[in-house]
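The values are calculated or read from the model by the stated rules, or taken from the named source; none is laboratory data. Note that the structure is a prediction, hence the values are computed from the model and not measured. Cβ: placed from backbone, ideal geometry, glycine included. Neighbour counts: every protein chain shown. When the accessible area is computed, the model is the full protein with side chains, heavy atoms only, and any ligands, DNA or RNA have been set aside. Shrake-Rupley method; radii C 1.70, N 1.55, O 1.52, S 1.80 Å.
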Amino acid sequence: MREYLLTLLITAAVTYLLTGPVRKFAIVAGAMPEIRARDVHREPTPRLGGIAMFFGLCAGLLVADHLENLNEVFAKSNEPRALLSGAALIWLIGVLDDKFEIDALIKLGGQMIAAGVMVVQGLTILWLPVPGVGLVAVTQWQGTLLTVALVVITINAVNFVDGLDGLAAGMVCIATAAFFMYAYRIWYGYGIEAAAPATLFAAILMGMCLGFLPHNMHPARIFMGDSGSMLIGLVLAGSAISVTGQIDPDRLNLFSGSERSTVHQMVPAYIPLLLPLSIIAIPAADLVLAIVRRTWRGQSPFAADRGHLHHRLLEIGHSHSRAVLIMYFWSALIGFGVLAYSVNSASMWIVLGVVFLSAVGLVMLLLPRFTPHAPRWAQHFVPPRYRRYPEPPEEAGQPGTEPGEASSAALGDATPASASVTAVPGANGATAIGARTRSTKGRKVRI
């Protein structure tokens, strides 16, 4: 565990220290696209944060290769090299997209090639534990198709959810923490060395996200871009593929006792199928809904819009930070809920706890509908969103105040009367946005 923690900390430190210089490089290189209609941020923000994350990945693998115990992962398995090869390819495609906006079909082809590179070097699904059937061996072509499909789905799911400051990195970090605990339990608790690469990949992925998050939290100073979102999506998929089908039920001593107890004891063997899906449950749901929504409208599935889950949270009245925290909550609930069920699937307390926390999450989703309003006498002591009545207008004869300014002050508007501000009806926080600047020309960006 100490070596895993050391690898995680070094990965996080390298990512954190490199993100600042990478931000300056992105500004100089012009990797600051125009603000689009679907964007939430108000100021031009540089991309290419994935550069720092990729070098953090390289640093983590390099350090692990020189540690006494983790060195065995590189000696007995080719999976770390396969992951690095696929990550380098997908990272390069992401960097080009952040700078030049390449076509979506080209990115899809690059994702499939990166997955194929990992398959060729041995990072692939070999067999599947199917409930009620047992172990099912897959052919080489079946394993390749399953691996490529899982990598492409995971990459695009993470890419789709990367719409708010700190959202993708935080959700992936939380879900990967649950996956790390599961993989470490299988490797250390049951002595199955085949789970060691997945444990290492999860530790490095957590370090990449933790190192980048301080720069990416709202208000973000840099975005990870496709170079970062596709990279962490591929590493997440690689971790799941590495452990899927690598658990031998005979090593877990599962086939003992009654048939009912055997079914409960077989849960750890089935979790490799469930936990990777639970990790990307929210991004995958967002991906499926986006495809259905765009196809129903007659648009391309790759056409961008403002209909993602995080956009919906903003539209119903959540602030930027609250929307991110809600997504964090649901990601943690699903990931750690599946993890707890894998440890003790027969416990009713775990089911009741998940149900209770789900109810709490639903209340958080509907929180803007129950926003209280302060009485008139308390208007000056509460934040603006809790005020029901407008502030009383200033007297027209006050020195230095024009009639137009007085009416503007009566609404609590700090902007000049000539400014054109367009607010989203019924929204507050990050959704109460004004007129967007379509070009970065002439704007000063603090380096």
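Tell me, which residue of region 302-321 that is closer than 24 Å to Val292 by Cα and either modelled with pLDDT of 80 or more or not in a helix (DSSP H, G or I) (or both) is nearest to the chain's Cα centre (by Cα)?
Looking at residues that are closer than 24 Å to Val292 by Cα and either modelled with pLDDT of 80 or more or not in a helix (DSSP H, G or I) (or both), I get His308.
Taking the condition at pLDDT 90 or above, open to solvent by 50 Å² or more (accessible area, probe 1.4 Å) and not in a loop (DSSP other than H, G, I, E, B), does Leu84 pass? Don't jump to the end; show me each part of the working.
Details: at pLDDT 90 or above: yes; open to solvent by 50 Å² or more (accessible area, probe 1.4 Å): yes; not in a loop (DSSP other than H, G, I, E, B): yes.
The answer is yes for Leu84.
Is it true that some residue in region 322-339 is closer than 23 Å to Met217 by Cα, at pLDDT 65 or above, open to solvent by 40 Å² or more (accessible area, probe 1.4 Å) and over 21 Å from the mean Cα position of the chain (by Cα)?
no
Tell me which residues, restricted to region 41-64, are in contact (Cβ under 8 Å) with a residue 12 or more places away in the chain and closer than 20 Å to Leu5 by Cα.
Residues satisfying the conditions are Ala52, Met53, Phe54, Phe55, Gly56, Leu57, Cys58, Ala59, Gly60, Leu61, Val63, Ala64.
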